[in-house]
1. Nothing charged except the Cβ atoms of Lys and Arg (+1) and of Asp and Glu (-1): what's the magnitude of the dipole of the chain about its Cα centre? Round to the nearest 20 debye.
2. Got the relative contact order for the stretch 5-198 handy, in percent, Cα pairs under 8 Å and 6 or more residues apart?
3. Placing +1 on the Cβ of each Lys and Arg and -1 on the Cβ of each Asp and Glu in the stretch 270-407, which of PRO373, PRO277, LEU396 has its Cα farthest towards the positive end of the resulting dipole?
4. From the mean inverse distance of alpha carbon pairs (Kirkwood) and the Cα radius of gyration, derive Rg over Rh for the stretch 335-407.
5. Tell me, what is the percent relative contact order of the chain, built from C-alpha pairs under 8 Å that lie six or more residues apart?
6. Output wanted: per-residue J couplings in Hz (rounded whole) for the stretch 319-330, from phi through Karplus 6.51 cos²θ - 1.76 cosθ + 1.60, θ = phi - 60°, x for Gly and Pro.
7. Restricting attention to the alpha-carbon atoms of the stretch 1-78, what are Rg (one decimal) and Dmax (integer), both in Å?
8. In square nanometres and to one decimal, what's the mean projected area of the convex hull around the Cα atoms of the stretch 452-562?
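Readers should treat all values here as calculations from the given coordinates under stated rules, not as data from a laboratory. Owing to the predicted nature of the structure, the values given are computational and were not obtained by experimental measurement. Here the Cβ positions follow ideal geometry from the backbone for every residue, glycine too, while neighbour counts run over all protein chains shown.
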Amino acid sequence: MTVQQIVLIGLSGVGKSTVGRALAERLGWPFIDTDDVITERERLTPAALITDRGEAPFREVEAAVIADIATRVPAVIATGGGAFLDARSRRALGERGYICYLDATESEIAARVRAGGNELHRPLLGEDAARLEERLAELDGERRPFYNHADLWVPMQERDAVDAAVRRILNGWAADAETRLASPSRLDRLASPEPARGPAAVVDTGQERYPIWVGAGELERLPERLRQLELTDRRVFLVSDASVIEQHGRTVAEALDTAGIAGASYVVPAGEASKSPRVAEELYRWLAEERAERRDLVLALGGGVVGDLAGFAAATYLRGMPLIQLPTSVLAMNDAAIGGKVAVDLPAGKNLVGAFHQPRAVISDVSTLRTLPRRAYNEGFAEVIKHALILDPILLKTLRGAATRLSSGDPDLELLTSVIARSSRLKALIVSSDPTEQGVRAILNYGHTIGHAVETVGGFERYLHGEAVAIGMTGEARLSAELGLVSREFVDEQSDLLRAYGLPTDAAGTDPAAVLAAMRLDKKIERGQFRFALLEGAGRAVVRGDVPPELVERVVRELVRG
Ligand SMILES: NC(=O)c1ccc[n+]([C@@H]2O[C@H](COP(=O)([O-])OP(=O)(O)OC[C@H]3O[C@@H](n4cnc5c(N)ncnc54)[C@H](O)[C@@H]3O)[C@@H](O)[C@H]2O)c1
Ligand SMILES: [Zn+2]
C-alpha cells in the first residue's frame, strides 16, 4: 500500500480525534491533530487565536500548519472543522492523503459536544448552548459542499460509531485509496474554489454505495444519470403502475428514446394488491419472455408499491439484477426507495416475503409530486415529519414555518426539493450507519408500534400508512411525555404540526382492545415487553423497552376516544 496518510475531515465534535487515535493505533502510525500543532506553535489554542486575532488571521496560521503537516507520512491527520474550506489546504491534504469525511446530524453532534462538556474550546460553535444545533446547521450548510470532495464518506450517526468507522476507513483505504489518489483530475478538483457537485445524499452500507438525486426534472435527466452510473450499455426494464405511467411514462420513454437506450416496460394496476407473489410471477414471465439478462437494469417508476414489487423481482430474478428506484410519491422518496428493503405481501401479512436489495441509485423527481393525489401527498409527509422529530430540529423548524406552502395543492418545487433532499439524507444516514437494523435504525420506528396496529385494525383501508403513523406518533409522543422525556406543550405542538399537513391525530371509533391485541402480535415486541422509539426532545429519539403496559393501555384508550 503506497498511500500512507489518512486525513479526517468533518464538523467539530463529530469524532475526528477519537476515530483518528483509534486508526493510528491500528496502523501503528503517528496521529496528528492540526489543532494541537497550532496550539503548540502559537502557544494559543485555536479558540484563543480566533478570539484574539480574528478568524482570517487564524486561517492563515492554520493553512501554514497544514502545508507542513501534509508532507508527513505515515500519518493519520485530524483537521479542524474549517480547515477544508481553504483550497490550498484541500490540495495539500489531497497530495498524499486519503480523505475521509465523518458525518452525523447536527443534533447528534450537539449531543456529543454537550456530553463532552468542551464547548468552550469550540468558539465557532458559539456561546449560546441552546443555539448549538442552529450554529452547527449553518456550518454544515457552508462546509458540506466542500467536505463532499472527500474520497470516502463515513456515517457516524451511531452512538458507538468509532469501531465501525475505523473498519470502514481501513476497508476503503485498502480497496480504493491508491486508485483515488492516482486519478488525474482529483487534485484540480480539490484545489478548485468550487464546491463539489454531488447528489443530495449517498447511502454507503460498507458493502454497497449509491447516490440519491433529488430535484425537479430528474426524470428528463435520466440518460445523463445512467451515463454517470455507467449503466447505459444495457437494456432497461421499466416497471410502473397504471396511474403513474399515465402521468409520467412519456417523460421517461422520451428521455430513454432520445438517448438511444433500448428496453421494455410492464404496467401493473395501481394499489397495494399488486404487491403480491402472483404479480411478481407476472414480472418474472415478462422478463423471461424479453430475455432479460442478469446485467440488465430494472427501473421502478412509482410509489412504494412499485418500488417494493419491482425491487423484489429485481432482487430475485436471475438471483439479482441491478435496480434503480425512481420514486414518485413523497413516501417512496423519503422512505421506501431508500435502504434496500423490498417485499411482496401474503394473505397472512404485509411484506412477509422479501429481501435486502440495494438499488444502484435513487432518483427522485419532485415535479412528479404535482400529480400525486392529495391524500397520498399528505400521508407521505408523516414520515418526513417523523424524520424531523427524531433527528433534525432544523428540518422541524422548516416544516413548521412552511406548512401552508408545502401542504398547498401546488407546492413550490424549490422548497419541496430542499425538504425532500434533507429528509432523504436523514434516512440515508441512518441506513448507512446501521444497514442490518441492529441499532440506531430502530428509532425510525417512532410512531410505528401503535401506528402499525391502528393500520392493521383499520384493515389497511380506513387509514393509509402515513395517517396511521401520525396517530401512532401522537400516542408515542404522549408516552414520551408521561415518562417525563418531553413536555405536554411539545406533544401539542407535534399535533398542531401533523394537523397542518392534513394528518389525523386520533383514531376515534377504533376498538382499543383490537389495537392492543395487534400491538402484542407485532414483531417489535420482545419477551412480552413493548419496544418503543420515543422522543427525548426536538430531533432526539431513544429506544425504550421499559414502558409500563398500563401506561400503554391508557394512552391507546385516549387515542381512540379522540
Ligand atoms: N421498502 C420499504 O422500506 C418501505 C417503507 C415504507 C413503505 N413501504 C411500502 O410502500 C407502499 C406504500 O407506498 P406509497 O404510499 O407510495 O403507495 P403507492 O405506491 O400505492 O402509491 C400511492 C398511490 O399514488 C399513485 N401515485 C404514485 N405516485 C404518483 C404520481 N406521481 N402521480 C400520480 N399518482 C401517483 C399510485 O398509483 C397509487 O395509487 C406500501 O406497500 C409499503 O409497504 C416500503
Ligand atoms: Zn413507515
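1. Values: 68 positive and 80 negative charges, 159 e Å.
For the chain, the charge dipole is close to 760 debye.
2. Working: 270 pairs, mean separation 57.6, N = 194.
Averaging sequence separation for qualifying contacts and normalising by length gives 30 percent for the stretch 5-198.
3. The one lying farthest along the dipole's positive direction is LEU396.
4. Values: Rg = 15.2 Å, Rh = 14.7 Å.
Over the Cα atoms of the stretch 335-407, Rg/Rh equals 1.04.
5. Numbers: 1015 pairs, mean separation 64.4, N = 562.
That works out to 11 percent.
6. Along the stretch 319-330, the couplings run 6, x, 10, x, 9, 10, 8, 10, x, 10, 10, 4 Hz.
7. In order Rg, Dmax, the Cα atoms of the stretch 1-78 give 13.2, 43 Å.
8. Working: hull surface 25.7 nm².
Convex hull of Cα atoms, orientation-averaged projection: 6.4 nm².
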